Amino acid sequence: MWVVATAGHVDHGKSTLVRALTGMEPDRWAEERRRGMTIDLGFAWTSLPSGATVAFVDVPGHERFVPNMLAGVGPVPAALVVVAADEGWMPQSAEHLAVLDALGVSFGLVAVTRADLADPGPVVARVRAEVAGTSLGAVEVVPVSAVTGVGLPALRAALDRLGARLPVPVVDGPVRLWVDRCFTVRGAGTVVTGTLGAGRLAVGDEVEVAADGTRVRVRGLHSLGTARGEVSAVSRVAVNLRGVARERVARGDALVTPEAFGRSELVDVRISGAPVADLPGSVMVHVGSAAVPVRVRPLGPDTARLRLARPLPLVVGDRAVLRDPGRRLVVGGVTVLDVAPPPLSRRGAAAARAGVLAGVDGRADPVGEVRRRRLVRASDLARMGVPVTVAPVVGDWLVDPEHWAGLGARLVAEVSRYAVEHPLESGVPVEVLRQRLGLPERSLVEALVGAPLRVCAGRVVAGPVSVLPEPVARAVDRLREESRSRPFRAPEADRLVELGLGAREVGAAVRAGVLLRLTGNVVLLPGAVEEAVRVLAGLPQPFTLSAARQALDTTRRVAVPLLELLDSRGVTRRLPGDVRTVVSR
Ligand SMILES: Nc1nc2c(ncn2[C@@H]2O[C@H](COP(=O)(O)OP(=O)(O)OP(=O)(O)O)[C@@H](O)[C@H]2O)c(=O)[nH]1
Ligand SMILES: [Mg+2]
C-alpha cells in the first residue's frame, strides 16, 4: 500500500478529487459536509491500474486548520498537491508547499483541478515553477476535472508511477505509529489510527505509548476497514488497544516498539528556510502528528537547540516544521541532528557546539556519532535512530578508538599513582579506577586492562600473570564477604581449611596479591592493611598494642604481626616502653 497526503488551498477540490478517485467520502463530519469544507483529516483508498492500493490522507486547506493539515502530512512521505485551474496559486498553496518543503517531502505530483472551469495551462506552468525549487523538485502535473472526469485516468497512471518510486519500507524495523485519530468503539474500547511507515504490528503485540512509556497490548487491527491479524508497513492502520482509557491517548502521541525509542525534550537541529537569528524565541514544532511548543536557542547560523514542552520519540534525521501560531506562519523547517545533546553549561560551550553541528547533517553516521559521544551504549545509539555498525569493546559499549587509547594511557598512569599513594596495597581496586577515569561501568575498566597489567580479584595489579585457580578465587571471594564487617579478624586455620584454602592455595592467593600474609597462616585481605593505618592514625599517639588491638577489633594473633609488618614498612615506629606511633607521611 502507498499512502499519499493531499495539500492545497481551501476549496481547490482536494476532497472532491479524492472522492472521484476512490468513491469514498473523505469528509467524515456532518459539519464538514454541511459547510462544504474539510476541517479535520479524511481517509479514503482505491486500487490503481497496477493493482496497487493507494490510501489518501485528505487534509483541510483552510488557513485556520493548518495544524490539522500538519498532523496529516507529518507522517506521510508523499503528497498530491492540488491547485484549482480557475483560482490559481493561492496563499495556502504556498504555505502547504512550504510545509512539504520543510518536511523534505520528495515524492509528489500535482493535480490542477477544476480544469472544466478554466484553461489549466497557465496554472500548470506556475505550479511547475513554484514546485521546482522545493524538495519535490520536478513533478508531474496533471490537469483534471472531477466533474467531467477528464484527466482522472492520467492521474491514476501518474499515481502508479509515483508509488513505484517510493522507497521500500523497512518492515523489520521498529514501529513508531504517530496517532492521527483516537476514538472509542462500543464493545472494543480505544482505537487509534495512523500511517504505519515502518515495521509491522500484530494482534497481541505489546507497544508503548510514547508519551509516558505505558505498555499496552494490541487487541485488534484493521487496515482499510478490514480486520487483520498483522499489518506491515506501509499501511494505514487502526489499532484497538487493550486497557487504555480514551483520554490517555490523543493525536500527536505515538505507539512505539517497547524500548526502541527514547523520549527527547532537548534536540539540536538544523533550520532551513530562515536564518536562525530571525526565529521567534518560542514557536510550535510539528513533527509526525504532534504539535508541541518549543523554545528556540540559536547556536550557529543555521543550527539551534529546541527545548520541547513535552518529550517526543524523536530520532536523528527526523524532519519537522516550525510554525508561529500567532502569526499563522510557517517559519522554518527542521532536521533533527541530535536527540540527546550534551548540556551547554560551560562558557563557550554553545559556540563549540555550533562548530560540531556544522559538520553534522542528520544522516545516520554511526562512526561519527561514537566519535562525538566518545562512549555510548549500542542500544542508546539505536534508540536515536542510528544503526549500530561499530563493534562494542565490552557489553554493548561502543567507544571512539582515540578516546579508548587515551583512557588506556590514563589507566596506566592511575595505577602507578595509586601505587605511590598506597604503598601497602597490592593493586588498585577496579572501582577506584572506574571513578578516576569517569567511566560508567567497571566492565569498561576491566576491558581497558592489558599486559603488563591484569585484573585479579577486583583489583588491577601489575606483574606477571599468575592465574588463580577458580576454586581459590571463589574461596577468597567468600572470605572477602565474611570479613567485610570485621576486616582485621584473620580467619582461623580451620575456617581456611573449610573454605578449601590449604597451605598451597593460600600460597597461590598470596602470590596473586589477593591475600596478604602476616605470618604463617595468618592472612588478611590486602585492603585491610591500608584500613588499619587509617584506624591507628586516629588513636591518641603513641598507642599500646592493647589499644591497637581494641581499635582494630581483633586478637593478638593478628595485631602482633600486623604491627610488626607496619614497623618493617616504616608506617609505624616502635618507641621505648612498647608503644608505637604512626609515622606521619
Ligand atoms: N466544476 C468543478 N468543481 C469542482 C471540481 N473539483 C471540486 N469542485 C468544487 O469545488 C468546491 C470545493 O471542493 P472541495 O473538494 O470541497 O475542496 P477542498 O480542497 O477539499 O476544500 P477544503 O478541504 O476545505 O480545503 C466544491 O464545491 C466542489 O464541488 C472540478 O473539478 N470541477
Ligand atoms: Mg476538503
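Each reported figure results from applying straightforward, stated rules to the coordinates on display, with no laboratory input. Because the structure is predicted, anything quoted here is derived from the model rather than measured. Positions of Cβ are backbone-derived with ideal geometry, glycine not excepted, and every protein chain shown enters the neighbour counts.
The table for this structure:
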item	result
Within-14-Å neighbourhood charge of Arg474 [Cβ basis; K, R +1; D, E -1]	-4
Spin-label model distance (nm) - Ser485 vs Val560, 7 Å beyond Cα toward Cβ	2.8 nm
Protection proxy ranking, peptides 365-376, 514-525, average beta carbon neighbours within 10 Å, highest first	514-525, 365-376
Antiparallel %, DSSP beta bridges [both residues in the chain], to 5	85 percent
Derived scalar couplings ³J(HN,Hα) [the range 302-311; Karplus, 6.51 cos²θ - 1.76 cosθ + 1.60; whole Hz; x for Gly, Pro]	10, 10, 8, 10, 9, 9, 8, 5, 8, x
Size of charge dipole - the range 492-545 - debye, nearest 20, with Cβ of Lys, Arg +1 and Asp, Glu -1, no other charges	180 debye
Charge dipole (the chain, unit charges on Cβ, about Cα centre) - positive-most of Ala78, Leu103, Gly406	Gly406
Contour minus Cα-Cα distance for Val367 and Glu498 (0.36 nm per residue)	41.9 nm
Dipole of the chain, positive end: most advanced residue of Ser416, Gly500, Val571 [Cβ charges, Cα centre]	Val571
The chain: relative contact order as a whole-number percent, Cα under 8 Å and 6+ apart	8 percent
Pairwise label distance in nanometres, Arg347 with Glu441, each label 7 Å out on the Cα-Cβ vector	3.8 nm
Label-point gap, in nm, between Arg295 and Val150 - each point 7 angstrom along Cα→Cβ	5.7 nm
Anisotropy class of the range 230-378 from Cα gyration tensor, a/c 1.5 cut	oblate
Computed E for Arg64/Arg410 - FRET, C-beta separation, R0 60 angstrom, nearest 0.05	0.50
Dipole in debye (nearest 20) - the chain, about Cα centre, beta carbon charges: Lys, Arg +1; Asp, Glu -1	1560 debye
Cα-based convex hull volume of the range 301-455 per residue, rounded to whole Å³	147 Å³
Mean ellipticity per residue at 222 nm, deg cm²/dmol - from DSSP H runs of n ≥ 4 across the chain, formula -39500 (n - 2.57)	-9000 deg cm²/dmol
Dipole magnitude of the range 418-463 about its Cα centre (Cβ charges: Lys, Arg +1; Asp, Glu -1), debye to nearest 20	80 debye
Counting DSSP beta bridges with both ends in the range 1-77, the antiparallel % (nearest 5)	60 percent
Ellipsoid equivalent to the chain - semi-axes via the Cα gyration tensor, in Å	71, 25, 20
At R0 = 56 Å, FRET efficiency that the Cβ-Cβ distance of Val510 and Ala391 yields, to 0.05	0.90
Förster radius 51 Å - calculated FRET efficiency between Ser379 and Leu575 (Cβ-Cβ, nearest 0.05)	0.25
